[in-house]
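Below: the structure, in structure tokens.
Readers should treat all values here as calculations from the given coordinates under stated rules, not as data from a laboratory. Just so it is clear, the model here is predicted, and its values are computed rather than measured. As a convention, Cβ positions derive from the backbone with ideal geometry for all residues, glycine included, and neighbour counts pool all protein chains shown.
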Amino acid sequence: MTISSPKIYLGELNDTPLGDLRLAASDLGLLAVEWADSQPELDYFLQRLGRPVEINETKLKPYAKEILEYLNGERHEFTIPIDWDSLKPFQRKSLEAVYKIPYGQICTYAEIAARIGHPNAPRAVGRANATNPMPLVIPCHRVIGTDGKLHGYGGGDGLPTKEWLLRMEGALIP
């Protein structure tokens, strides 16, 4: 008997305030959120996982619903499960800390590094955020530089998208 790899389910979330999104999930939870125009990054991520992929809008419906509620300002916390197993250990540790930043609040890369026991690794935390496969849900937009400025955001239109998300949440930004 052959044991098959768990499937990855793909779906879309179109016409959001930030444009069209692609979603991926496993039976364990959300794996990825990507802007439609960044399809190559999603394809690379899925290839790295090396698991069978199936388009299944029904499986993605609960994820799409919560993300759309968030983008419409109707949701402040996600209840959807996350499949953390696809992340490398340091990235997972960093992004789990980022996931805990409350709605409407900000934190610095250095603060996250200290929280995870690596006070000298703010740049590594920045790299973990840059490769976050689940932006919006794992709120890397809530992480700013020690100088109080917005630094790096790979989703949507980059920094303007990060600023839009923070303003939508009512976060105090410089």
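Pulled fully out, how much extra length does the chain show between Leu159 and Gln105, if you take 0.36 nm times their separation in residues and subtract their Cα-Cα distance?
Details: separation 54, 0.36 × 54 = 19.44 nm, distance 1.69 nm.
Difference between extended and current length: 17.7 nm.
Here the mean projected area of the convex hull built on the C-alpha positions of the chain is 10.2 nm². Ranking Gln47, Gln91, Ala113 by how far each Cα lies toward the positive end of the dipole of the chain (charges on Cβ) leaves Ala113 at the top.
Using C-alpha pairs below 8 Å separated by at least 6 residues, the relative contact order for the stretch 8-71 is 40 percent. Under a model in which nothing but the beta-carbon of Lys, Arg (+1) and Asp, Glu (-1) is charged, the stretch 87-169 shows a dipole of about 280 debye around its Cα centre.
Of all lysines in the structure, those lying under 23 Å Cα to Cα from Lys93, and not within fewer than 8 positions of it along the same chain, are Lys162. Sequence-distant contacts, meaning Cα pairs under 8 Å at least 6 residues apart, place the relative contact order of the stretch 87-169 at 30 percent.
If the viscosity is 1.002 mPa s and the temperature 20 °C, what translational diffusion coefficient in µm²/s does Stokes-Einstein give for the stretch 8-71 when Rh comes from Kirkwood over Cα pairs? Mind showing how you got there, number by number?
Values: Rh = 11.7 Å.
Rounded, D is 182 µm²/s.
Looking at the chain only, what percent of DSSP beta bridges run antiparallel? Nearest 5 please. All intermediate terms of the calculation are to be shown ahead of the outcome.
Working: 11 of 17 bridges.
That works out to approximately 65 percent antiparallel.
Sorting Thr79, Thr146, Thr131 on the 10 Å Cβ count, fewest up front, what's the list? Let's see the in-between values first.
Values: Thr79 7, Thr146 11, Thr131 16.
Going from sparsest to densest Cβ surroundings: Thr79, Thr146, Thr131.
Among Val53, Val98, Val125, the largest mean-square fluctuation in a Gaussian network model of the chain, built with springs joining Cα atoms closer than 10 Å, belongs to Val53. A simple charge model with +1 on the Cβ of Lys and Arg, -1 on the Cβ of Asp and Glu and nothing else charged puts the dipole of the chain at about 680 debye relative to its Cα centre.
Over all directions, average the projected area of the Cα convex hull of the stretch 86-174 and note it in nm². Could you put the intermediate results ahead of the total?
Working: hull surface 20.3 nm².
Mean projected area of the Cα convex hull: 5.1 nm².
Relative contact order, whole percent, for the chain stands at 20, derived from Cα pairs under 8 Å and 6 or more residues apart.
Note on Lys59: lysines with a C-alpha under 23 Å away, same-chain residues under 8 apart excluded, are Lys7.
Determine the gain in length on full extension of the stretch Glu74-Glu54; use 0.36 nm per residue of separation and subtract their C-alpha separation, reporting nm with one decimal.
Values: separation 20, 0.36 × 20 = 7.20 nm, distance 2.97 nm.
Extending this stretch completely gives an extra 4.2 nm.
Mean residue ellipticity at 222 nm from the helices of the chain, using -39,500 (n - 2.57) per DSSP H segment of n ≥ 4 over the full residue count, to the nearest 500 deg cm²/dmol? All intermediate terms of the calculation are to be shown ahead of the outcome.
On the way: 6 runs with 64 residues, N = 174.
Mean residue ellipticity at 222 nm (helix-derived): -11000 deg cm²/dmol.
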